[in-house]
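The structure appears below as structure tokens.
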Ligand code: E4P
């Protein structure tokens, strides 16, 4: 399973890169707004930091404009993936961009039926939102498992990106459900290193090493 970092803050991406285990980046309009910079500005800088898939989300709602924006973003760098919403227009744009060999990430996926539409349109990735499923009381593990089962049964090559990861438990769900990728905020990646028994074990080893 691969880890992507879910942020548009360049300093966080630099820190994530230093950890040596992050293979890609996802952004969305809310994360871009938090960065206080333009999409193009941020995405351009990210391409100099991470050599892997970088999702840039369109901010238009009709297929024609999404396609134009997608083509424009895709020209910025070979690693750009166009993130599109799961709407009728988003799926049309996904199909059109796929036909032009542009990679896509269909986002805001909350059901296997939605995922099927994205896969049928040739999506490179689908992003089921674990945290938002959890907030609304839905079974996020089942969602990812079902999407993977449908994908494998019908032989699509679309990969799942478990998104909206808010805590380490969401990571456990994504891993155990068999997601191909999880996109994770830096602070949660950092938390994944932690365990009280690791901290306790380190203290014991440090104390014992002084007894030599
Ligand atoms: C990433 O692709 C998603 O846009 C992001 O993980 C959403 O996270 P949120 O539900 O915490 O806003």
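Restricting 177, 182, 206 to those that are closer than 22 Å to residue 11 by Cβ and at pLDDT 95 or above reduces the list to 182. Are any of the residues in region 57-65 within 16 Å of the ligand (Cβ to nearest atom) and within 21 Å of residue 185 (Cα to Cα)? Looking through region 57-65, at least one residue is within 16 Å of the ligand (Cβ to nearest atom) and within 21 Å of residue 185 (Cα to Cα).
The numbered conditions (1) within 15 Å of the ligand (Cβ to nearest atom); (2) in contact with a helix residue (DSSP H, G or I) (Cβ under 6 Å, 6 or more places away or on another chain); (3) farther than 24 Å from residue 38 by Cα are all true for residue 84 except (3). Among the residues of region 128-158, those identified as within 15 Å of residue 178 (Cβ to Cβ) and within 13 Å of the ligand (Cβ to nearest atom) are 128, 130, 140. The conditions of being more than 17 Å from residue 19 (Cα to Cα), free of Cβ contacts under 8 Å to residues at least 12 places away in the same chain and not in a loop (DSSP other than H, G, I, E, B) are not met by residue 211.
Of the residues making up region 8-49, those that are touching a helix residue (DSSP H, G or I) at 6+ places or on another chain (Cβ under 6 Å) and part of a loop (DSSP other than H, G, I, E, B) are 8, 9.
When region 192-208 is filtered for residues that are under 37 Å from the mean Cα position of the chain (by Cα) and part of a helix (DSSP H, G or I), the ones remaining, listed by number, are 192, 196, 197, 198, 199, 200, 201, 202, 203. Out of 52, 24, 70, 20, one residue alone is out of contact with any strand residue (DSSP E or B) (no Cβ under 6 Å at 6 or more places or on another chain) and closer than 26 Å to residue 180 by Cβ. It is 20. When residue 130 is tested against (1) at pLDDT 95 or above; (2) farther than 30 Å from residue 67 by Cβ, exactly one condition is not met: (2).
Selection of first residues in region 99-121 that are within 11 Å of residue 151 (Cβ to Cβ) and in contact (Cβ under 8 Å) with a residue 12 or more places away in the chain and of second residues that are more than 16 Å from the ligand (Cβ to nearest atom) and outside any helix (DSSP H, G or I), restricted to Cβ pairs under 7 Å at least 6 apart or on distinct chains, gives the following pairs, ordered by first then second residue: 119/156.
For residue 103, the criteria (1) at positive phi; (2) touching a strand residue (DSSP E or B) at 6+ places or on another chain (Cβ under 8 Å); (3) within 16 Å of the ligand (Cβ to nearest atom) hold in every case but one, which is (1).
The values are calculated or read from the model by the stated rules, or taken from the named source; none is laboratory data. Remember, it's a predicted structure, so these values are computed and weren't measured experimentally. Here Cβ is always computed from backbone atoms with ideal geometry, including for glycine, and neighbour counts include all displayed protein chains.
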